[in-house]
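Below is one structure, written out as C-alpha cells, with a few remarks after it.
The values are calculated or read from the model by the stated rules, or taken from the named source; none is laboratory data. Note that the structure is predicted; figures quoted are calculated from it, not measured. Cβ placement follows ideal geometry from the backbone for every residue including glycine, while neighbour counts extend to all protein chains displayed. These area figures cover heavy atoms from the full protein model, side chains too; ligands, DNA and RNA do not enter into them. Shrake-Rupley method; radii C 1.70, N 1.55, O 1.52, S 1.80 Å.
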Amino acid sequence: MTGFATLRLDGVTRRFAGTDALAGLDLEIERGEFVALLGPSGCGKSTALNCLAGLLPLSDGSIWRDGTRLDTLPPERRGFGMVFQNYALFPHLSVQKNVAFGLRMRGVPRAETRRRTDAAIRLVHLEEHARKLPGQLSGGQQQRVAIARAVVIEPALVLMDEPLSNLDAKLRLDMRSEIRKLHQDLGLTTVYVTHDQEEALSMADRLVVLRAGRVQQIGTPEEVHDHPANRHVADFIGFRNLLPGTFRAGTAEINGLTVRAPGSPVGPLRDGDPIVAAIRPEDIALGSGVEATVEVAEYHGREIAAEVRTAGGLALHLRTPRRLAPGDKVAVTLPAEKLLIFPGEDQ
Ligand SMILES: Nc1ncnc2c1ncn2[C@@H]1O[C@H](COP(=O)(O)OP(=O)(O)OP(=O)(O)O)[C@@H](O)[C@H]1O
Ligand SMILES: [Mg+2]
C-alpha cells in the first residue's frame, strides 16, 4: 500500500458483550503526524488501535484512507506496522529473521531484504544480537526487535501499543527519543498508545485523551497540558490536587480557603454550584498563606514531593526544592492564576 494524505476514523465503536469499549471515536490523522492515545487502564486504547489495525471488527462506524474505505480490509491489506503491548515475536526465529519476516512475506528480493533488515537492526542498536532468539534477549531488547520488525516494511502507518511499558526507567527515556527520532527520520505516521502522560506529552504532535471508551479531548501537548477540557483530563495530565468546593461571588471556596476564581470556569457557573478546583503540585506556593503540616515527604532529587494538611483538614500534594520533613509547619497559597475551576457534577 502506498501512503495517504489523511486517515479518518468516523464514529468508530467497538462493543464487547453489549458494552462499549470504544464509543464513537472521530479522529483525523494527517500523514507524518505522531498521535498519542492516552488514558487509564481499560479506557479503550488497545481497542482503538486494534480496530485501526484490523485485528478487531468494528461494531459501528468506519475507517477511511483518503477516499477509500479501510475497515472492510483484512489487516495485511492495510499495510500498517504494529508493535504490540506484549511484543508478539516469533520465538523460534532469530532477531534477523523476525525483522526480515514482513519483507519475505511481501516477496521483497533477497539482497534488498538483507539490506533493509540490517538497517532496521542498526536503527534499534541490536547488531550484536542479530543471531539470537527472542528468548535470549532482555525485555527491552525484545521490544526493540518488535519496533525494527514494524518499521522495516516502511509502513504507511505504525501502530504502537505501550511499546515501552516493560522497560526500566532509563531505557524508557532513551527509547522515547529513539522512537520519536525514527518517526522523524523515516517520515512515519505513528499512532502510539500509552497511559503515561509524560510519554504522550513529550513524544506526540497531538494527544487523544480517552476515558471509559469516550474521547475527552483532542489537542496538542500544550493545549491538553495547559487547558484540560474537564477534570478527568486534568486529573490524568498531572493536576494531582482535585479539590471539591463551592462557587460563590466569583470565587472558589475550598474547605475554608477562598481563591478568586481565575476566570477559567469550564462551563457557566452560578453561585452555590459545586466545583472542583484543580492545581498541579508544582504550582502550589510556599511561604505565605494558610498554615499546613507536612505529613509525607518524598525525596525526588532536586525536589521534595510532599503531602500536607491544612488546619481545616484539606490535603494537598505539592513539590518544592525546600527540604521538608514530616511534622514541619509550612504556609501554602493556591495562586489563582494556576487554579482551574471545573463544574463539580459528574460529567
Ligand atoms: N476481548 C475482550 N472481551 C471482552 N471485553 C474486552 C475485550 N477486550 C477488551 N475488553 C474491555 O474493553 C475495555 C477496553 O479495553 P482495552 O484493552 O482497549 O483497554 P486499554 O485502554 O488498552 O487498557 P490497558 O492500558 O490496561 O492496556 C475494557 O473494559 C476491557 O475489559
Ligand atoms: Mg491496552
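Quick look at the numbers
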read-out	value
Of residues in the range 58-67 being modelled with pLDDT under 95 and not in a strand (DSSP E or B), the one farthest from ligand 1 (Cβ to nearest atom)	67
Checking residue 33 against (1) open to solvent by 60 Å² or more (accessible area, probe 1.4 Å); (2) charged (D, E, K, R); (3) touching a residue at least 24 places away in the same chain (Cβ under 8 Å), the condition it does not meet	(1)
Scope the range 126-153; condition assigned to a loop (DSSP other than H, G, I, E, B) and without any contact (Cβ under 8 Å) to a residue 24 or more places away in the chain; matching residues	138
Members of the range 299-347 that are closer than 21 Å to residue 236 by Cα and open to solvent by 90 Å² or more (accessible area, probe 1.4 Å)	337, 345, 346, 347
Residues that are open to solvent by less than 10 Å² (accessible area, probe 1.4 Å) and either more than 20 Å from residue 35 (Cβ to Cβ) or not assigned by TED's automatic domain parsing to the domain that holds residue 43 (or both), drawn from the range 147-166	148, 152
Lone unmet requirement of (1) part of a loop (DSSP other than H, G, I, E, B); (2) touching a residue at least 40 places away in the same chain (Cβ under 8 Å) for residue 270	(2)
Criterion: at positive phi and out of contact with any Ser or Thr (no Cβ under 7 Å at 6 or more places or on another chain) - qualifying residue of 135, 107	107
Pairs, first without any contact (Cβ under 8 Å) to a residue 12 or more places away in the chain in the range 13-25, second more than 11 Å from ligand 1 (Cβ to nearest atom), C-beta under 9 Å, six or more apart	16/59
Any hit, the range 71-89, residues being basic (Lys, Arg), away from ligand 2 (no atom under 16 Å from the Cβ) and within 30 Å of residue 140 (Cβ to Cβ)	yes
Residues of the range 319-347 satisfying the condition of being in a loop (DSSP other than H, G, I, E, B) and either farther than 21 Å from residue 278 by Cβ or among the hydrophobic types (A, V, I, L, M, F, W, C) (or both)	321, 322, 323, 324, 325, 326, 327, 328, 334, 339
The range 228-253, residues that are over 11 Å from residue 342 (Cα atoms) and not in a helix (DSSP H, G or I)	237, 238, 239, 240, 241, 248, 249, 250, 251, 253
Odd one out for residue 13 among (1) farther than 21 Å from residue 237 by Cα; (2) surrounded by 24 or more Cβ atoms within 10 Å (Cβ to Cβ)	(2)
Some residue of the range 16-38 being among the small types (Gly, Ala, Ser) and under 17 Å from residue 203 (Cβ atoms)	yes
Some residue of the range 185-196 being in contact (Cβ under 8 Å) with a residue 40 or more places away in the chain, assigned to a helix (DSSP H, G or I) and open to solvent by less than 10 Å² (accessible area, probe 1.4 Å)	no
Residues of the range 36-71 classified as touching an Asp or Glu at 6+ places or on another chain (Cβ under 7 Å) and of a type in the set (A, V, I, L, M), total	3
Odd one out for residue 25, checked against (1) open to solvent by 20 Å² or more (accessible area, probe 1.4 Å); (2) part of a strand (DSSP E or B); (3) over 26 Å from residue 149 (Cβ atoms); (4) within 16 Å of ligand 2 (Cβ to nearest atom)	(1)
Filter pass, residue 104 being open to solvent by 30 Å² or more (accessible area, probe 1.4 Å) and basic (Lys, Arg)	yes
